[in-house]
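Chemist: Here you go, one structure.
Bear in mind that the values in this text are calculations on the coordinates, not laboratory data. Source: prediction; values computed, not measured. Positions of Cβ are generated from backbone atoms using ideal geometry, with glycine treated the same way; all protein chains shown enter the neighbour counts.
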Amino acid sequence: MVDLFESQVLGATVALKSRIVMAPMTRTRTSEDDVPNDLMATYYGQRAGAGLIVTEATDVAPSSKGYALTPGIHTDAQRQGWRLVTDEVHRQGGTIFMQIWHVGRMAHPSLMPDGEAPWGVTEDRAEHSDVFAHGADGRLGFIRAGTPRRLGTDDVSALVGTFAQAFANARQAGFDGVEIHGANGYLFDQFMNSALNTRTDRYGGGHVEDRTRFLMEVVDAAVRELGPGRVGVRLSPFGKYNSMPADPLAEETLLHVCEELGRRSVAYLHLVYQLMPAGNMESSEFKERHIDHAVLARVRAAFPGTIIWCGGFTDRESAQAALDTGLVDLIAFGRPYIANPDLAERLKHGWPPAEADPSTYYTRRGDVGYTDFPACSTAAAHAQADRGGSSRHPMP
Ligand SMILES: Cc1cc2nc3c(=O)[nH]c(=O)nc-3n(C[C@H](O)[C@H](O)[C@H](O)COP(=O)(O)O)c2cc1C
């Protein structure tokens with residue numbers, strides 16, 4: 001069995017120093033025009049002890065904006081801003097992939113270009129889910145997602161080209177690879193869900209090839225730009241987050257995607273291990289339920305590349321127990337990375353974890369709750385570990 005601290009070569013291309021991944025987390029700390037900055041470079045650089053960092057979800061285009069203050073990768077300034085981040089992570093000896101998304105219907109006209117409607121696979125609204133946008137009073141906060149307009153077939157094809165350009169930009173910004181965000185109820189997930197995708201065009205829901213076509217065309221674009229060893233895909237099969245309806249064909253879709261990614265020799269498949277509920281991550285449903293291991297064994301058989309699980313891993317023991325199943329290669333930690341920049345070291349030495357304050361997850365308050373967590377070797381870290389907090393916020 002592999003050890004959590006063993007190295008690995010991802011996609012026969014990218015060397016990782018351990019099996020520990022920092023999960024993608026939106027932190028809304030960009031400068032004007034969604035440009036990454038020195039503060040973000042410091043934040044990611046502090047966490048370069050991870051085997052692999054996956055960045056916060058990054059907008060492929062202005063139409064992808066579902067959360068205020070999230071970064072983009074569609075302008076020169078954004079590309080240059082990300083260069084600060086990749087240079088700092090590499091200087092600290094880390095490896096970093098950019099997570100790229102389109103939020104689809106999980107948006108609001110107040111964030112969209114010219115106040116247009118969010119883009120959807122259909123006109124179905126995410127009735128019970130929030131986005132981080134400007135409310136009627138003009139203030140930023142969590143408000144209900146807007147009603148989407150259904151994308152035309154040509155719009156979807158054009159988006160594939162938009163993704164191709166974003167991958168080129170990510171490469172120029174110095175990233176070691178990209179992760180395509182196909183999870184958590186955003187645009188790719190919306191297309192793949194047979195209950196939501198009732199379209200009848202070539203991207204329509206009836207056949208698995210059709211409802212996964214958009215994702216696969218974008219994967220092909222990424223592989224062309226970066227090579228397969230620098231491409232990963234994140235999925236959250238069976239999740240209900242962001243008002244995703246129960247999908248009777250979820251497993252069929254998952255296994256089809258695994259085979260197609262395998263055929264393309266894509267580096268990794270990143271699974272949100274826990275079954276995401278419709279609401280927030282504090283519900284007992286989220287804490288207790290995860291993807292059936294029988295399904296995960298079929299995933300293992302269908303996909304020959306590296307598999308990552310994320311969700312609910314808090315210590316060395318739980319991560320190692322997952323690796324010991326033989327069904328997974330890397331373990332991603334999300335919330336534990338917020339307050340523990342040196343998480344890998346803490347796990348290795350059994351040092352106590354610090355707790356984050358959820359009110360600082362998404363905020364304009366700069367370094368507070370972001371870059372102000374000390375490494376454990378300092379006394380301040382031990383004091384920090386005593387300050388409590390729990391996650392009550394929705395998240396991307
Ligand atoms: C503040 C915050 C922001 C998040 N942003 C993203 C994101 O941008 N992309 C994504 O795929 N998942 C995002 N997630 C989900 C995490 O990647 C992860 O799946 C989730 O936190 C469960 O893992 P954990 O139990 O280790 O925290 C976010 C989670 C949190 C707490």
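Chemist: Rank the residues Arg171, Arg289, Arg263, Arg29 as a footprinting-exposure proxy: fewest other Cβ atoms within 10 Å of their Cβ go first.
Modeler: Arg263, Arg289, Arg171, Arg29
Chemist: Fewest Cβ neighbours within 10 Å first, please rank Val218, Val368, Val14 accordingly. Spell out each step's value before the answer.
Modeler: Details: Val218 27, Val368 12, Val14 20.
Ranked by crowding around the Cβ, least crowded first: Val368, Val14, Val218.
Chemist: What dipole magnitude, in Debye to the nearest 20, does the range 8-338 give about its Cα centre under +1 on Lys/Arg Cβ and -1 on Asp/Glu Cβ?
Modeler: 520
Chemist: What is the fewest-to-most order of Val35, Val121 by other Cβ atoms lying within 10 Å of their Cβ?
Modeler: Neighbour counts put them in this order, fewest first: Val35, Val121.
Chemist: Take the Cβ-Cβ distance between Lys348 and Leu249 as r, set R0 to 35 Å, and report the resulting FRET efficiency rounded to the nearest 0.05.
Modeler: 0.25
Chemist: Run lengths n ≥ 4 of DSSP H only: what is the helix-derived mean residue ellipticity at 222 nm for the chain, with -39500 (n - 2.57) per run over all residues, to the nearest 500?
Modeler: Only helices count here, giving -9000 deg cm²/dmol.
Chemist: Please give the direction-averaged projected area of the C-alpha convex hull for the chain, in square nanometres with one decimal.
Modeler: Over every viewing direction, the Cα hull of the chain projects on average to 17.1 nm².
Chemist: Please work out the FRET efficiency for the pair Thr162 and Ala15, using the Cβ-Cβ distance as r and a Förster radius of 30 Å; give the result to the nearest 0.05.
Modeler: 0.45
Chemist: Between Glu127 and Asp38, what is the spin-label point distance in nm, taking each point 7 Å from the Cα along the Cα→C-beta axis?
Modeler: Placing both labels 7 Å beyond Cα along the Cβ direction yields 5.0 nm.
Chemist: For the range 8-338, what is the percent of antiparallel DSSP beta bridges, rounded to the nearest 5?
Modeler: 25
Chemist: Right, something else. For the range 200-234 and the range 27-69, write down the distance between their C-alpha centroids in whole Å.
Modeler: That distance is 24 Å.
Chemist: Between the range 123-185 and the range 317-341, how far is it from one alpha carbon centroid to the other, in angstrom?
Modeler: Taking the Cα centre of the range 317-341 as reference, the centre of the range 123-185 is 27 Å away.
Chemist: Work out Dmax and Rg for the range 319-363 from the C-alpha atoms and quote the Rg first, both in angstrom.
Modeler: Spelled out, the Cα radius of gyration and Dmax of the range 319-363 are 12.8, 39 Å.
Chemist: Continuing with this model, one more query. Rounded to the nearest 0.05, what FRET efficiency do Gln8 and Thr198 give with R0 = 56 Å and r taken as the Cβ-Cβ distance? Could you check? Walk me through the numbers before you get to the answer.
Modeler: On the way: r = 41 Å, r/R0 = 0.73.
With a Förster radius of 56 Å, E is 0.85.
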